[in-house]
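The values are calculated or read from the model by the stated rules, or taken from the named source; none is laboratory data. Keep in mind the model is a prediction, meaning the values are calculated, not measured. Methodologically, a virtual Cβ is constructed for each residue, glycine included, from the backbone with ideal geometry; neighbour enumeration extends over all protein chains shown. All accessible areas refer to the heavy atoms of the entire protein, side chains included, with ligands and DNA or RNA removed. Shrake-Rupley method; radii C 1.70, N 1.55, O 1.52, S 1.80 Å.
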Amino acid sequence: MHAVFVNGKFCKDPEQVAANDFFFPGLNVPRDTSSPVGSNVTAVNVAQIPGLNTLGISFARIDFAPHGGLNPPHTHPRATEILVVVEGTLYVGFVTSNLANGDNRLITKVLNPGDVFVFPVGLIHFQLNVGKTNAVAFASLSSQNPGVITIAKAVFGSDPPINPNVLTKAFQVDKKVVDYLQKQLWTDNNN
C-alpha cells in the first residue's frame, strides 16, 4: 500500500488508527509565561493530533502573565479563531482589512471569564492581560493547520532579513530604527 498525503500530512490507514491519533493530554496544566511577551500558546493542531487532518478544526490554550502578558499581534492565514476567556481579564482586538475608504479599523473589547470573541480569518489580532492575576483563554480555529504569523517577528526577525530600505520606506522611519529592530531577538510564544 502507498502512503497518502492530504494537506501535506500523512493519512494513516484507517485500519491502523488508534485512540492516541485523536488525543492530546494536559491542557489543564498552566504553562510558563516568563517569556519576554508574558504569554505561552499551547497549540493543538494536526501536528499534535494526526487525527485532525482534513477535519478543519484545531485548538489552543493561551496563558498570560499578570499585568500585561501579551499574545502579540499575529494572524492565522488559514483560519478564523473563536476565543473564550476562562480566567482573568483580557483586552483583545483585531484590525479590519481595507475598508471602502482605504482605512483599517481597530475593533476591541475587554473580556472577562465566560466572554467569547471572534477573530476573522487572516486579520491581525492580539490579546493583552489587563488584570492583576494570571489569565487563561482557550481558542478554537477553523483549520487543522491554521498557521501563525507573528507580525513583529516576521517583519523584523526574518531570515534572511528584509532589506532595511524596504522597511524604512514602508514604516516611514529612520534607518537607525529599522536597524535597531532587526537586531532584536524576537520571541515566539507558540509551543
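Near P66: Cβ cut-off under 13 Å, other residues only, Lys/Arg at +1 and Asp/Glu at -1. The net charge is -1. Of the residues A18, A135, A47, the one that moves most in a GNM of the chain with alpha-carbon contacts below 10 Å is A18. Of the chymotrypsin sites (Phe, Trp or Tyr not before Pro) found in region 23-112, those in coil by DSSP whose Cβ has at most 13 other Cβ atoms within 10 Å are F23.
Extension gain V173-V118, at 0.36 nm per residue separation less the Cα-Cα distance, in nm? Walk me through the numbers on the way to the answer.
Details: separation 55, 0.36 × 55 = 19.80 nm, distance 3.28 nm.
Once the chain is fully extended between V173 and V118, it gains 16.5 nm.
For the chain, what is the accessible area per residue in Å² when the probe is 1.4 Å?
Values: 11030 Å² over 191 residues.
Ligands and nucleic acids excluded, the result is 58 Å² per residue.
Between G102, G51, G114, the residue with the greatest mean-square fluctuation in the GNM of the chain (Cα pairs under 10 Å linked by springs) is G102. Given the choices [x] 20.2; [y] 16.8; [z] 18.3, Kirkwood radius over Cα pairs in Å derived from the coordinates of this structure is entry [z].
I want the local charge near K175. Using Cβ-Cβ distances under 15 Å, sum +1 for each Lys or Arg and -1 for each Asp or Glu among the other residues.
On the way: positive: K169, K176, K183; negative: D174, D179.
Charge balance near K175 sits at +1.
Report summary: the helix-based calculation at 222 nm, which adds -39500 (n - 2.57) for every DSSP H run with n ≥ 4 and divides by the residues of the chain, gives -3000 deg cm²/dmol. Comparing mean-square fluctuations of V178, V118, V130 from a GNM of the chain with C-alpha springs under 10 Å, the top value falls on V178. Computed in the context of the full set of protein chains, the accessible area of the chain at 1.4 Å probe radius has 59% of its extent on carbon or sulfur.
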